[in-house]
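The next block holds one structure in the form of structure tokens; read it before the comments.
Since every read-out is calculated from the coordinates, none of them should be taken as a lab result. For clarity, every value in this text was computed on a predicted model and none was experimentally measured. Here the Cβ positions follow ideal geometry from the backbone for every residue, glycine too, while neighbour counts run over all protein chains shown.
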């Protein structure tokens, strides 16, 4: 990095509120981990996160069944702890989730499936939740799979 | 709060583009101004005469044709990418417009997001 670039000291979110949209899946992409580190930095800077929205392959982050080896970071667990401790809503898009086999109890009953696997505190919701953030003063950041 | 959603993936190879299209339709459904820009291999989304039967997918041509009806303001195709793929405006869907993709374009929108 060029040493002539001044360090950025101002937040790019004028209202001090961020919305994080994660579209990259855990373990297939770096997106959920990068987003988690960014989220910690946001709170450490005294800013707020109004919502974390999981979309596309990002919904896999809300699975209660992911069980990585014990010496690896459990991203679903880490995210769910972060959301709970900071009372931040985590929403998985319903269309993305159902397509990829991620369901809560009510969808399990509606589609007569054999199990549900949504990890608390994540909830299933519509794209309207994302629209709500996009139409607000919140700065919406996207964490894609990259490459 | 106007939004530009950019799709740079070719159609049918993944669900990223379709899900970006759903985002655009959702914004429009909530009366938020939104346009779609196709660049890179993404301009192939706008080709006329698509047949996705052999890959057992629904053609996205019908979805895109319905975009103006659902309130999506513009379907934009990056001129450089159209040149690379040999696409003239007559090869594209009826409501598509060829445009230059750069800061002048993105600067017209409050919110610019790439498809996943």
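Quick notes on this one:
- Derived value for the protein assembly as shown: Kirkwood hydrodynamic radius 19.7 Å. Basis is the mean of 1/r over every pair of different alpha-carbon atoms.
- Take the Cα of residue B:104, step 7 Å toward its Cβ, do the same at residue A:85, and the gap between the two points is 5.0 nm.
- Whole-number percent relative contact order across the stretch A:92-134, with pairs defined as alpha carbons under 8 Å at least 6 apart: 49
- Cα-only Debye scattering, the stretch B:1-91: base-10 log of I(q)/I(0) at q = 0.14, 0.22, 0.24, 0.25 Å⁻¹: -0.47, -1.13, -1.30, -1.37
- Plainly put, the stretch A:36-114 has a radius of gyration that is 1.01 times its Kirkwood radius, both from alpha-carbon atoms, as the Rg/Rh ratio.
- At R0 = 45 Å, FRET efficiency that the Cβ-Cβ distance of residue B:52 and residue A:67 yields, to 0.05: 0.80
- GNM result for chain B, Cα springs below 10 Å: residue of B:103, B:11, B:33 fluctuating most strongly: B:103
- GNM top mover of A:17, A:131, A:103 - chain A, alpha-carbon springs below 10 Å: A:131
- Relative contact order of the stretch A:29-147, defined on C-alpha pairs under 8 angstrom at six or more residues apart (%): 32
- Helix A:75-85 axis, angle to chain A major axis (alpha carbon atoms, nearest 10°): 70
- The calculated FRET efficiency for residue A:110 paired with residue B:94, based on their beta-carbon distance and R0 = 45 Å, is about 0.75.
- Summarising the overall dimensions of chain A from its C-alpha atoms, the Rg and Dmax are 16.1, 61 angstrom.
- Counting only other chain Cβ atoms within 10 Å of each residue's Cβ, the peptide B:110-116 averages 5.
- For chain A, the longest principal axis of the Cα atoms and the long axis of helix A:31-44 meet at an angle of about 50 degrees.
- The packing ranking of peptides A:23-35, A:116-128, highest mean first, is A:23-35, A:116-128, where packing means the average number of other beta carbon atoms within 10 angstrom of each residue.
- Note on A:131-143: average number of Cβ atoms from other chains within 10 Å of each residue's Cβ is 3.
- Gaussian network model of chain B, springs between alpha carbon atoms under 10 Å - residue of B:72, B:43, B:55 with greatest fluctuation: B:55
- Contact order relative to length of the stretch B:1-100, as percent, for alpha carbon pairs under 8 angstrom and 6 or more apart: 29
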